[in-house]
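Structure, as structure tokens:
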Amino acid sequence: SQQGEEDPQALSIQEGENATMNCSYKTSINNLQWYRQNSGRGLVHLILIRSNEREKHSGRLRVTLDTSKKSSSLLITASRAADTASYFCATVPNSGYSTLTFGKGTMLLVSP
Amino acid sequence: NAGVTQTPKFQVLKTGQSMTLQCAQDMNHNSMYWYRQDPGMGLRLIYYSASEGTTDKGEVPNGYNVSRLNKREFSLRLESAAPSQTSVYFCATLGGAFTGELFFGEGSRLTVL
């Protein structure tokens, strides 16, 4: 069962613009993670935010978590063509990593 | 360091044939996972192994078997392949309870005719 659901399914922007993706989930979590997948490649971990954290930064990435709304957002600032990829949120419930579930992803296209 | 290595990268099978997907890691991680990725479905957990000698079913285990041969290797076997098993398969390891990130292989693309 899909715990996280990303929104939008696809996003097309110009280089230099900001990209925002959202993730909603259903049950209580221990942490929420964002992953990136380039076409034809494996997933790469971007950032993890724990349930007691509200915001986290890593380079051009900013992640927020609102546990009351059961939602998270990933902001990529000053997008580059190389950011073109699919982005997935993954939720880890309190029961542990055996029940980690991925959303269906947001496909981001950044045009030069 | 190679990280997580999957073989083969591509495979075409006929319905009813069997095959084994291999996964090896050199990161000394305890937990290993097999996922499948289908268009519009995201990633779904097939089987996982919390440590050497243990395996457990995930969300979609039917039609698959696994072996945790040692700490480094975790294989996924299709005994009698079906067209519904056409997918991209990913092996992953867990970086640790504190770091919490999964490390993925590059995937094995399987087509069952």
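Counted over the stretch B:1-111, the DSSP beta bridges are approximately 90% antiparallel. About its Cα centre, the dipole of chain A is roughly 240 debye, where the only charges are +1 on Lys and Arg Cβ and -1 on Asp and Glu Cβ.
Decide, for chain B, between rounded, prolate and oblate: order the square roots of the alpha carbon gyration tensor eigenvalues as a ≥ b ≥ c, take rounded if a/c falls under 1.5, and otherwise choose prolate if a/b is larger than b/c, else oblate. Walk me through the intermediate numbers first.
On the way: a/c = 1.73, a/b = 1.67, b/c = 1.04.
Here chain B falls in the prolate category.
With +1 on the Cβ of every Lys and Arg and -1 on the Cβ of every Asp and Glu, and nothing else charged, how large is the dipole of chain B about its Cα centre, in debye rounded to the nearest 20? If you can, show how the numbers build up before the last one.
Numbers: 10 positive and 9 negative charges, 51 e Å.
Magnitude of the dipole: close to 240 debye.
Computed on the Cα atoms alone, the convex hull of chain A gives a volume of 93 cubic angstrom per residue.
Mind putting a number on the dipole of the protein assembly as shown about its Cα centre? Charges go on the C-beta only, +1 for Lys and Arg and -1 for Asp and Glu, and I need it in Debye to the nearest 20. It would help to have the intermediate numbers written out before the result.
Working: 22 positive and 18 negative charges, 36 e Å.
About 180 debye.
Farthest toward the positive end of the dipole of the stretch B:1-111, out of B:Thr20, B:Thr5, B:Thr55, is the Cα of B:Thr20, where the dipole comes from beta carbon charges about the Cα centre. Counting only other chain Cβ atoms within 10 Å of each residue's Cβ, the peptide A:98-105 averages 6.
Each residue of the stretch A:60-71 is assigned a 3J(HN,Hα), and the resulting list reads 8, 9, 9, 10, 10, 9, 10, 6, 5, 9, 6, 8 Hz, derived from the Karplus form 6.51 cos²θ - 1.76 cosθ + 1.60 (θ = phi - 60°), x at Gly and Pro.
No lab work stands behind these numbers, since they all come straight from the coordinates. Computed from a predicted structure; not experimentally measured. Here the Cβ is made from the backbone with ideal geometry for all residues, glycine too, and neighbour counts use every protein chain on show.
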